[in-house]
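The values are calculated or read from the model by the stated rules, or taken from the named source; none is laboratory data. Bear in mind the structure is a predicted one, so any value in this text is a computation, not a measurement. Heads up, the Cβs are rebuilt from the backbone with ideal geometry, glycines too, and the neighbour counts pull from every protein chain shown.
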Amino acid sequence: MTETFYEVMRRQGITRRSFLKYCSLTASALGLGPAFAPTIAEAMETKPRIPVLWLHGLECTCCSESFIRSAHPLAKDVVLSMISLDYDDTIMAAAGHEAEAIIEEIIEKYDGNYILAVEGNPPLDEDGMYCIIGGKPFVEQLKKAAEHCKAIISWGSCASWGCVQAARPNPTRATPVHKVPGLADKPIIKVPGCPPIAEVMTAVITYILTFDRFPQLDRQGRPLMFYSQRIHDKCYRRPHFDAGQFVEQWDDEAARKGYCLYKMGCKGPTTYNACSTVRWNGGLSFPIQAGHGCIGCSEDGFWDKGSFYDRVTDTHQFGIEANADDVGLAAAGTVGAAAAAHLAVTAIKQAQNKGEQDQ
Amino acid sequence: MQREINSGAVYVYEAPVRIWHWANALSITLLAITGYLVANPLPSLSGEASDHFLMGYIRFVHFAAAYIFAVGFLGRIYWAMVGNEHSRQLFKLPVHRLTFWRELLHEVRWYAFLEKEPKKYVGHNPLAHLFMVVIITVGGFCMLLTGFSLYAEQTGLGSWQDSLFGWLIPLVGQSQDVRLWHHWGMWVIVVFVMLHVYVAIREDIVSRQSIISTMISGWRTFKDDRP
């Protein structure tokens, strides 16, 4: 088959020392002990690169944008060489018919052995006509590629949950990969986020290549190593939450002091992702550190869960948007008033009855 | 449910049922107050974070009261199996009986001042019975499911709370959805408690049987000998 990762890296001028450094960095990024670094090194030295087809449906390319900014490992030097990224229309040199021909070639040549990475999702209405690639609906391309792949990676919230194009009222019936009817039954790993963290993306690929299997997944098919805890659980502002110290307004003293953004509608307590540990841009910062609450971009249907700036968000199930606290307070007030009125009538009735009895 | 025709006192609520009732009253009150404060925290404190643990204490009270409520709920189910006939009333609703619906209508008319006199009941009247089953039994169960699935988010994957209740979150949608439904449930229970307390006091005064003292002593007494 193709060259091993190690051969490719050496060919690209990476020293063995840098290569070993990369292996231990990856081991720690994956939450593995130092003993696993040699295992990763061995896998890299001996295993042939796995071909990856990276397809794009309805999406904004933020996943790709994130991915190419991975710092450890550096996307440019390592990952694009590690995997044999045979098709990715955003970053590949080929275009047009030549590019599309590659998909057919990979499907034929590596039948049942390639990884299908999906960024975005297919719209199903009008037979998928809302997303045409190379003259055919994306959903057909997706189904065919899925039929012959080994496993599927659902990149980002689009492929995992639906994201913005699937937000209410979802005019094109954009559907996340695992819900596409008639899709071949292949293992799917979801890497949600809008976009997912670069290092999370590359680490997931590294894990799959090194161990030849998916990392452990949670109930919803997300890798446990990055999605088993909430932003809130590892947030550096958590002590302010426990203390009861909150930002009440964007420009108040508490905001300047970096208190908890819970009252500003931060979705950290309901969002499973690694932002508060891995952070962004090479570990530089993440939304909460920059002073803005988490918007919950890696959660299912986050566009439709009410305001990004409310703690008790609106509920849509009652026809209109209703806030539990508003309705609850109104109901309690109404019931209290009704009870008082009822009490008054009861008292009058009782007095009347008593009067009748006395007569 | 059967109507008592003499004024003789009847032992209705056995000790475990009464203890459960008052433990519930306490835990639900604490749960509603702290639950509201978790969703809408008190005004921000200043100073060092290490000087305070306000939100932590509020959440602790919520979880402690929740465990009391949960253990009470389980104990109440056990007592429905071994206790007297009245202890089972919360777990069965005779919707197949026409008399239930007829007497339910009578009770509603009584509250609407359309009946001169209420009927006498040893256990719950049909209207109270319906509300108890829907709000306390079914509603309490829903609050336990949603509450423990949210609690499992912090005890973490692999904890028993997660194994038993963690499946609920993806089923409902996501964490924020479960929080909202749990919050709506709180308001339903708050409104129920308001009605419950008002009606219990009112019935104690104007109905033909004891209400409040029954939940303290266990004995139901009647104010007249008419059927």
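Yes or no, residue by residue, for (1) under 30 Å from A:Pro176 (Cβ atoms); (2) at pLDDT 90 or above:
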site: A:Ala274; (1), (2): yes, yes
site: A:Cys294; (1), (2): yes, yes
site: A:Gly301; (1), (2): yes, yes
site: A:Asp310; (1), (2): yes, no
site: A:Thr315; (1), (2): yes, no
site: A:Gly333; (1), (2): no, yes
site: A:Gly355; (1), (2): no, no
Within the bounds of the stretch A:247-260, is there any residue that is β-branched (Val, Ile, Thr), touching a Cys at 6+ places or on another chain (Cβ under 6 Å) and within 10 Å of chain B (Cβ to nearest Cβ)?
no
Screening A:Tyr236, A:Tyr227, A:Tyr262 for residues that are within 30 Å of A:Ser84 (Cβ to Cβ) and either buried (at least 17 other Cβ atoms within 10 Å of the Cβ) or aromatic (Phe, Trp, Tyr) (or both) leaves only A:Tyr227
Quick count over the stretch A:261-307, residues being assigned to a loop (DSSP other than H, G, I, E, B), of a type outside the set (Ser, Thr, Tyr) and within 14 Å of another protein chain (Cβ to nearest Cβ), is 15
Does at least one position in the stretch A:201-214 carry a residue that is outside any helix (DSSP H, G or I) and buried (at least 23 other Cβ atoms within 10 Å of the Cβ)?
no
For the stretch B:91-122, which residues satisfy the criterion of being over 21 Å from the mean Cα position of the chain (by Cα) and acidic (Asp, Glu)?
B:Glu103, B:Glu115, B:Glu117
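Out of curiosity, is A:Pro196 within 14 Å of chain B (Cβ to nearest Cβ), more than 27 Å from A:His316 (Cα to Cα) and assigned to a loop (DSSP other than H, G, I, E, B)?
For A:Pro196, the condition - within 14 Å of chain B (Cβ to nearest Cβ), more than 27 Å from A:His316 (Cα to Cα) and assigned to a loop (DSSP other than H, G, I, E, B) - is not met.
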If you scan the stretch A:102-117, which residues turn out to be surrounded by 14 or more Cβ atoms within 10 Å (Cβ to Cβ) and of a type in the set (Gly, Ala, Ser)?
A:Ala117
When the stretch A:208-226 is examined, which residues are found to be within 10 Å of chain B (Cβ to nearest Cβ) and closer than 22 Å to B:Tyr151 by Cβ?
A:Asp218, A:Arg219, A:Gln220, A:Leu224
Tally of residues being among the acidic types (Asp, Glu) and buried (at least 21 other Cβ atoms within 10 Å of the Cβ) across the stretch A:276-306:
2
So, of the residues in the stretch B:131-174 that are among the hydroxyl-bearing types (Ser, Thr, Tyr) and within 12 Å of chain A (Cβ to nearest Cβ), which turns out to be surrounded by the most Cβ atoms within 10 Å (Cβ to Cβ)?
B:Ser149
Working only within the stretch A:234-246, note down all residues that are facing chain B (nearest Cβ under 7 Å) and closer than 28 Å to A:Gly301 by Cβ.
A:Phe241, A:Phe246
